[in-house]
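Peer 1: Sharing a structure with you now.
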Amino acid sequence: MQFKHFCYASFFFALCSLQSFSQQQGYLALPCKANLSTAPLKIEAITSLARTRLNSTSAFQYPVFIGQYYAPFQYNISKKIDTFCKTEYCNSLFNIRPVFFYYQALIYDFGAGAGIKLSNKITSRFYWSYQISLGWFEGQSTRGIQTGVNFLHLLGVNYTIKKSFSLFLHGGHISNGHIFGTNGSIQDFFGLGLSYSFSKKF
């Protein structure tokens with residue numbers, strides 16, 4: 001099974017698991033509020049090991065860095081508006097936030113673009129998330145990155161350490177989805193990220 005198919009299956013499995021868990025906890029029986037609001041500035045640094053699927057023997061060996069900046073607004077669905085929240089997501093059940101990224105692998109491959117990140121509550125401190133972004137990449141095909149427009153997918157779990165700091169364990173995939181040509185980037189990676197949210201809202 002290809003990595004992107006695994007991501008899709010994991011995405012739908014997580015949705016089903018979340019719905020089942022929410023029913024058990026009684027979340028779906030409670031009235032919810034949808035809210036579009038400003039949010040504190042948030043930055044994120046992600047380190048990963050990547051591989052290319054152009055070579056069947058390739059291992060996760062290429063170091064990758066992804067820096068992300070989150071737009072100062074978000075859309076969330078929550079049971080109540082928690083003004084004095086102690087975690088990054090303020091106990092919201094569902095969160096959507098625009099994000100801008102910069103990708104760098106060694107000194108040869110790089111890219112930049114934008115997308116959205118979807119986050120769902122598991123517990124008060126654990127959230128699973130899926131991010132889809134679109135950007136322009138420059139690189140050498142020997143490491144799975146080809147010059148052109150590509151999709152960046154990130155699927156993982158966020159753990160809020162404190163209100164300002166969160167850890168992000170993730171798996172990722174870069175490809176053009178055969179939308180922007182038949183031959184394109186095809187790279188997988190996994191790693192760990194750390195995000196910081198500033199205290200003041202815009």
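Peer 1: Please indicate, with yes or no, whether at least one residue in segment 97-116 is touching a helix residue (DSSP H, G or I) at 6+ places or on another chain (Cβ under 7 Å) and either closer than 20 Å to GLU44 by Cα or assigned to a helix (DSSP H, G or I) (or both).
Peer 2: Among the residues of segment 97-116, at least one is touching a helix residue (DSSP H, G or I) at 6+ places or on another chain (Cβ under 7 Å) and either closer than 20 Å to GLU44 by Cα or assigned to a helix (DSSP H, G or I) (or both), which makes the answer yes.
Peer 1: Being open to solvent by 30 Å² or more (accessible area, probe 1.4 Å), touching a residue at least 60 places away in the same chain (Cβ under 8 Å), more than 25 Å from SER199 (Cβ to Cβ) and out of contact with any Gly (no Cβ under 6 Å at 6 or more places or on another chain), is that true of even one residue in segment 146-160?
Peer 2: Looking through segment 146-160, none of the residues is open to solvent by 30 Å² or more (accessible area, probe 1.4 Å), touching a residue at least 60 places away in the same chain (Cβ under 8 Å), more than 25 Å from SER199 (Cβ to Cβ) and out of contact with any Gly (no Cβ under 6 Å at 6 or more places or on another chain).
Peer 1: Here's something else I'd like to know. Name the strands (runs of 3 or more DSSP E) wholly within segment 1-94 that hold at least 1 residues that are of a type in the set (Gly, Ala, Ser) and modelled with pLDDT under 85?
Peer 2: Where strands (runs of 3 or more DSSP E) fall fully within segment 1-94 and carry at least 1 residues being of a type in the set (Gly, Ala, Ser) and modelled with pLDDT under 85, they are 33-38, 73-78.
Peer 1: Can you tell me which residue is nearest to ARG51 (Cα to Cα) among those in segment 114-144 that are of a type in the set (S, T, N, Q) and open to solvent by 40 Å² or more (accessible area, probe 1.4 Å)?
Peer 2: Once the filter is applied, the top-ranked residue is THR142.
Peer 1: Here's something else I'd like to know. Of the conditions (1) in contact with a Leu (Cβ under 9 Å, 6 or more places away or on another chain); (2) outside any strand (DSSP E or B), ASN120 fails just one. Which one is it?
Peer 2: Evaluating ASN120 over (1) in contact with a Leu (Cβ under 9 Å, 6 or more places away or on another chain); (2) outside any strand (DSSP E or B) leaves (2) as the failure.
The values are calculated or read from the model by the stated rules, or taken from the named source; none is laboratory data. This structure is a prediction, so every number in the text was calculated from the model and none was measured. Neighbour counts run over all protein chains shown; Cβ positions are idealised from the backbone, glycine included. For the accessible areas, the whole protein counts, side chains as well, though only heavy atoms, and no ligand, DNA or RNA atoms are used. Shrake-Rupley method; radii C 1.70, N 1.55, O 1.52, S 1.80 Å.
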